[in-house]
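Notes follow once the structure below has been shown.
The values are calculated or read from the model by the stated rules, or taken from the named source; none is laboratory data. Bear in mind that the values here come from a model prediction, so they are computed numbers and not experimental data. Positions of Cβ are generated from backbone atoms using ideal geometry, with glycine treated the same way; all protein chains shown enter the neighbour counts.
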Amino acid sequence: MTSSAGRAGTGLALQEQMIALIRAFGLHQPDHTPCGQPVPVAEAHALLELTQEEPLSQTDLCLRLRLEKSTVSRLVGQLEGRGWVARQRDGRAVLLRLTAAGRTTAATIAAARQAKFDRLLEAIPDTDREPVIAALKTLVEALRGNQDDRSSEVDDT
């Protein structure tokens, strides 16, 4: 059986490594992507989602990015203001499409992202690559599980 002190120490070690990862990767710099593009991270992720499926409803973008409706509405407004996204009403839904400029920007960010991850992978010894990727998958699954648990704990009364 693990003591509460052991669990707290392990949690603290995970916290320290997550903070170090966020800082080393540049995720704490909100106006630039970790791959060095002068685009806010949320905008880059929205562009990525729109390159994978078009048209995409604003509601689906909320779900994919795991952001609140109001946050995504502001985000889409910023993308539209930059000329990267066009909104189209379809009944009650708002459909989003990349513009030509949005496709160009998304492609530039994707190329920079790919180059960054290629360099990062090259810096990891061959024997450690699969375990690192497996550990990241486990961490993502744990994070998603914790977020799902929190949303089910909301008291509706």
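Within the group THR104, THR108, which residue is in contact (Cβ under 8 Å) with a residue 12 or more places away in the chain, farther than 28 Å from THR10 by Cα and out of contact with any strand residue (DSSP E or B) (no Cβ under 8 Å at 6 or more places or on another chain)? It would help to see each step written out before you state the result.
Working: THR104 fails: in contact (Cβ under 8 Å) with a residue 12 or more places away in the chain.
Residue meeting the stated conditions: THR108.
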Q: Quick one: ALA44 ticks every box in (1) touching a residue at least 60 places away in the same chain (Cβ under 8 Å); (2) outside any helix (DSSP H, G or I); (3) surrounded by 15 or more Cβ atoms within 10 Å (Cβ to Cβ) except a single one, so which number is it?
A: (2)
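Which residue is nearest to the chain's Cα centre (by Cα), if the candidates are limited to the range 98-107 and must be surrounded by 14 or more Cβ atoms within 10 Å (Cβ to Cβ) and under 24 Å from LEU27 (Cα atoms)?
Restricting attention to the range 98-107, the residues satisfying the condition of being surrounded by 14 or more Cβ atoms within 10 Å (Cβ to Cβ) are 98-99, 102-103, 105-106.
Checking which are under 24 Å from LEU27 (Cα atoms) leaves us with 102-103, 105-106.
Details: GLY102: 18, ARG103: 19, THR105: 17, ALA106: 14 Å.
Out of the qualifying residues, it is ALA106.
Residues are listed down the side, and each one gets a yes or a no for (1) of a type in the set (Asp, Glu); (2) crowded, with 16+ Cβ neighbours inside 10 Å; (3) at pLDDT 90 or above; (4) closer than 12 Å to ILE109 by Cα:
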residue: CYS35; (1), (2), (3), (4): no, yes, no, yes
residue: LEU48; (1), (2), (3), (4): no, no, yes, yes
residue: GLN58; (1), (2), (3), (4): no, yes, yes, no
residue: CYS62; (1), (2), (3), (4): no, yes, yes, no
residue: LEU65; (1), (2), (3), (4): no, yes, yes, no
Q) Are any of the residues in the range 127-141 assigned to a helix (DSSP H, G or I), more than 19 Å from the chain's Cα centre (by Cα) and at pLDDT below 95? A) no
Q: Kindly provide the set of residues from the range 47-78 that are in contact (Cβ under 8 Å) with a residue 24 or more places away in the chain and of a type in the set (Asp, Glu), ordered by number.
A: GLU54
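Rundown of residues vs (1) at pLDDT below 95; (2) outside any helix (DSSP H, G or I); (3) over 16 Å from the mean Cα position of the chain (by Cα), yes/no style:
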| position | (1), (2), (3) |
| --- | --- |
| GLN17 | yes, no, yes |
| GLY83 | no, yes, yes |
| ARG89 | yes, yes, yes |
| LEU96 | no, yes, yes |
| ALA111 | no, no, yes |
